[in-house]
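Each remark here refers to the structure printed beneath this line.
The values are calculated or read from the model by the stated rules, or taken from the named source; none is laboratory data. Predicted, not measured: the structure shown is a model, and the values here were computed from it. Neighbour counts run over all protein chains shown; Cβ positions are idealised from the backbone, glycine included. With ligands, DNA and RNA removed, areas are computed over all heavy atoms of the protein, side chains included. Shrake-Rupley method; radii C 1.70, N 1.55, O 1.52, S 1.80 Å.
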Amino acid sequence: MTSQTIPDRWKLTKISKIAVKGQQRKPDAGEQFTYVDIGSIDRNQKKIADPQTLNGSQAPSRARKVIEKGDVLVSLTRPNLNAVALVSQEYHNQIASTGFEVVRPLLVDSRYIFALVRSKQFVNAISGTVQGALYPAAKSADVQNFELPLPSLAEQKVIADKLDALLAQVESTKARLDRIPQILKRFRQSILAAAVNGRLTNSESETFSIVLVEELAKPEKYSLGIGPFGSNLKVADYREEGHPLIFVREIRANRFGDDATKFVSDEKFKELKAHRALPGDILITKMGDPPGDVTIYPASRPEAVITADCIKLSVNEQVAVRDYVAYAMQSKPFRNDVLSISAGVAQQKVNLTKFRKLTLPLPSIEEQTEIVRRVDQLFAYADRIEQQINNALERVNNLTQSILAKAFRGELTEQWRKDNPELISGDNSAEALLERIKAERAAIKPAKRSRKKTNA
């Protein structure tokens, strides 16, 4: 924050100048304590949310840092994720991981420092110092050397109070927005349910035929099938170019042809003729938690090969409208049927033979076409709302950082300073505060041990 303009009477200083180091100790074997590690931090709410209760004999080697009420925890691992928290009374005198830098403010409002470590300037500064590829981590010195603008103690408290109120409003707004995608998900499912029971088109469901999945497939031999097994395809067959492979993750995300796409050679592609997917084929995940995700392979993509955990269906357009079949397979009743024929411990796996015998309600071709038109129309409406919500969430997230930036430029308390000059000057000034902190730090600094002289 060195380059930013700060109000008169504020001072630039480093975290190391206004905080002290906490104690470290190894928990006794018989004691019970609350252990706060990186995974205990709710990164969205910026608080300790799910700590462990351990006995000293179970304590991991990283359980060493004693924390107190008012301490500010900053994760040194992946600092860009901003796993930070303010220690409450509930966790006073408990133990945190050495993966945290514990900032213990001295004669400074802890809430002010807590707000500081949530700011974009702090996150960017600490993230820019990370080391290591797999688990990038900052160092203690990176946090301690961060330069911050320091107002008087009275102004710190006013800023913290304003931030508590403003950010609570932001979080309340965000919480309401976060609920809307689930509402839209239920809305889409209600549309699909109405589509397959006749209510969407005000028709009698009794007029729908009940057909087997295998009856919807084209008469060609490989129009309903599953990806390769065993020796047909190995990791060694993967190439960086050629004919694309389709994995479960791509069907689930409904996204094909990204940087993670793998390919097979022309020779292997010819060998795997039975497992090809053509543009327009319906693709279903055969494994997962849960399985049964459905999408249509885009017309813009080339012929591909489905892997062993995927099912393809080439719909016979003389029997059914492809998009109607895809929508019907996404409906909750059909998804429940898929789960009923799935088994597995770690992951559920669909039985293909039983999948072929599942049934779908099928109206006339004309009504299927009308159902697809109405579902498309309603889904497009839901998509527009979802996009608006995403845009609003982005603005809300930016608003948090905008408010924090204003706070540390002194803009939230500009009028307050004009109204209370006596609280930012003389003995109440930031400069005087730094002097008191310096004296306090010197008073609590442990004396160096002198070496005992030994007789020769």
Using alpha carbons only, what's the Rg to Rh ratio of segment 323-374 with Rh from Kirkwood? 1.09
With DSSP loop assignment and no more than 16 other C-beta atoms within 10 Å, the chymotrypsin sites (Phe, Trp or Tyr not before Pro) in segment 210-311 are TYR222, PHE229, TYR238
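Based only on Cα atoms, what mean projected area does the convex hull of segment 273-415 have, in nm²?
Values: hull surface 56.8 nm².
Here the figure is 14.2 nm², rounded to one decimal.
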Looking at the chain only, what percent of DSSP beta bridges run antiparallel? Nearest 5 please. 95
In whole Hz and in residue order, list the ³J(HN,Hα) couplings for segment 272-287 that follow from phi through the Karplus curve 6.51 cos²θ - 1.76 cosθ + 1.60, θ = phi - 60°; x for Gly and Pro. 9, 3, 5, 10, 7, 10, 9, x, x, 5, 7, 10, 10, 6, 8, 10
Cα principal axis extents for segment 112-263, largest first, Å: 80, 52, 21
For the chain, alpha-carbon Rg over 2.2 N^0.38 Å: 1.37
What value does segment 205-284 have for Rg/Rh, both radii from Cα atoms and Rh as Kirkwood defines it? 1.06
Expressed as a percent, the accessible surface of segment 336-418 that is carbon or sulfur, using a 1.4 Å probe and the full set of protein chains, is 50
Relative compactness, segment 44-83, computed as alpha-carbon Rg over 2.2 N^0.38 Å: 1.35
Any idea what the alpha-carbon Rg over 2.2 N^0.38 Å comes to for segment 338-400? 1.87
Gap in Å between the Cα centre of segment 407-422 and the Cα centre of segment 40-60? 38
Amide H partners (placed H, <5 Å) of LYS349, local residues excluded: ALA343, GLY344
Using θ = phi - 60° and the Karplus form 6.51 cos²θ - 1.76 cosθ + 1.60, what ³J(HN,Hα) does each residue of segment 319-336 get, whole Hz, x for Gly and Pro? 9, 8, 7, 3, 5, 5, 4, 4, 5, 4, 6, 8, 5, 4, x, 5, 4, 5
Within a Cβ distance under 12 Å of THR400, other residues only, what is the Lys/Arg minus Asp/Glu net charge? +4
Quick one: P(r) of segment 159-228 from all Cα-Cα pairs, 10 Å bins, percents rounded to integers, in order of increasing distance. 15, 19, 21, 18, 12, 10, 5, 0
Helix-only [θ] at 222 nm, the chain, -39500 (n - 2.57) per DSSP H run of 4+, per residue, nearest 500, equals -11500 deg cm²/dmol
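Using the per-residue mean of other Cβ atoms lying within 10 Å as a proxy for protection, in what order, highest first, do the peptides 91-99, 343-351 fall?
Ranking the peptides 91-99, 343-351 by packing returns 91-99, 343-351.
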Tell me, what is the percent relative contact order of the chain, built from C-alpha pairs under 8 Å that lie six or more residues apart? 17
In whole Hz, what ³J(HN,Hα) sequence does segment 426-443 give by Karplus (6.51, -1.76, 1.60; θ = phi - 60°), x for Gly and Pro? x, 5, 8, 6, 4, 5, 5, 4, 4, 5, 5, 5, 4, 5, 5, 4, 5, 5
Using a probe radius of 1.4 Å on heavy atoms only, what accessible surface per residue do you get for the chain? Whole Å² is fine. 54
How big is the gap, in Å, between the Cα center of segment 264-293 and the Cα center of segment 165-221? 25
Across all directions of projection, what mean area in square nanometres is found for the Cα convex hull of segment 278-338? 4.4
Equivalent ellipsoid semi-axes for segment 336-456, as square roots of 5 times the alpha carbon gyration tensor eigenvalues: give them largest first, rounded to whole Å. 69, 35, 8
State, to one decimal in nm², a quarter of the convex hull surface area for the C-alpha atoms of segment 257-303, i.e. the direction-averaged projected area. 4.1
Cα-based Rg and Dmax for segment 54-160, where Dmax is the largest Cα-Cα distance (Å): 14.5, 45
Can you tell me the FRET efficiency between ASP289 and SER61 if r is taken as the Cβ-Cβ distance and R0 is 22 Å, rounded to the nearest 0.05? 0.10
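May I ask for the Rg/Rh ratio of segment 1-106, computed from Cα atoms with Rh as the Kirkwood radius, given to two decimals?
1.04
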Please find the FRET efficiency linking LYS14 to THR53, where r is the Cβ-Cβ separation and R0 is fixed at 30 Å, and quote it to the nearest 0.05. 0.25
